[in-house]
Amino acid sequence: MEAGDEHLTAHELRARIEEQRALRATLINDRATADNEVAEARERQRLRRELEKERYANAAVRGEVLSLRGQRRTIDNDLAENMPGAPRPTEQKRPPSSSALAKSTVTYASNVAKHEFVWEVQGLSWLEQQLTQEGRECTNSNIFQVDPTDGYSTYMLVFSPRGGSLEHEADDDYQVFDSIPRGTLALIRRADDYGTNLCYRFFVRDASLEFQPLGEATRVAVPAREGDEPACFVGGPDLHSDSKGLFGLSFDELLGSEWVKDDSICFKVCIEEAAMKEHPSQGQVFVGKMDVVYERKPPSVEVPPPTLKADFISLLTEGR
């Protein structure tokens, strides 16, 4: 018996009984909902294991593709002695005898893709409370792609008002971290075990609706992962700083700054990427694209012009 029940009248006790019966009906519905949520969670777990299995299978096929491409490169460079069509050691491919190598070029920018992405967060003053209800410390943008030829060249932006955890809970492929990153604004690349080269820079829109740079451009080589599971690349202006905040501002200061207009803040990121198509586990990775120019060589022996016609005319006219 709860305290105070002894003072209730019969009418009040009957009303309390009806309240409890109504509450039990609600709780039974909640239990059914919770049962469904558990079943859905188990199904998601099963699907994650199935997804991992498919990824491992694709990784094996990808390894075979890389191996075959390595063989192709070896054959094209005439470095293979025991493959069909390879020249014998004494046979060396040479340019035509009438040509000489005039220029050799190697370029490392032919595979660089560029993209700009703009993301606006509205209702900024409510963000912290709303994230509390969502059970996370950051919000995230939609996924966007930089290199259309590479399915792993996809990204999202995340924003944490207090520089907290960047576990966004939006997509598992974008929260595979070696350690949980903490920061205010960050760029997250889809989990991958291939390397990539990136140059990225953040911008924030000011009160005049112009984008101003947030720090300098960052250029980084993301190494391939050998023997480890794929992981996400994460880059941001204050990830490795003890002091968090855009332009050194706390979230409260940011709300009253020039960077927030009509309770909204707008970010832009400019990305250049050279995604790696080969993995070092399959052999040496070559990124530079080679090109050569040949020019015709002058003949090594000078041949005098023909004199037969002049000699014949001289014979007719002069008798010699």
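If you average 1/r over all unlike Cα pairs in segment 123-181 and invert the result, what Kirkwood radius do you get in angstrom?
It works out to 12.6 Å.
In debye, nearest 20, what is the charge dipole magnitude of segment 111-214 about its Cα centre with +1 on Lys and Arg Cβ and -1 on Asp and Glu Cβ, if you could check?
340
So what's the Cα pair-distance distribution over segment 175-320, bin width 5 Å, in %?
Per 5 Å bin, starting at zero, the Cα-Cα P(r) for segment 175-320 comes out as 2, 7, 12, 12, 11, 9, 7, 6, 4, 3, 3, 2, 2, 2, 3, 3, 3, 3, 3, 2, 1, 1, 0 percent.
Note the direction-averaged projected area, equal to a quarter of the hull surface, for the Cα convex hull of segment 146-242, in nm².
If I average the Cα hull's projected area over directions, I get 7.3 nm².
For segment 188-263, what D do you get in µm² per second when you plug the Kirkwood radius from alpha-carbon pairs into Stokes-Einstein at 4 °C and 1.567 mPa s?
D = 88 µm²/s.
Using the alpha-carbon centroid of each, what span in Å lies between segment 118-150 and segment 1-52?
Going from one Cα centre to the other spans 33 Å.
We did not get these values from a lab; they are worked out from the coordinates using the rules stated. Small disclaimer: the values here were computed from a predicted structure and weren't measured. We place every Cβ from the backbone using ideal geometry, glycine too, and count neighbours over all the protein chains shown.
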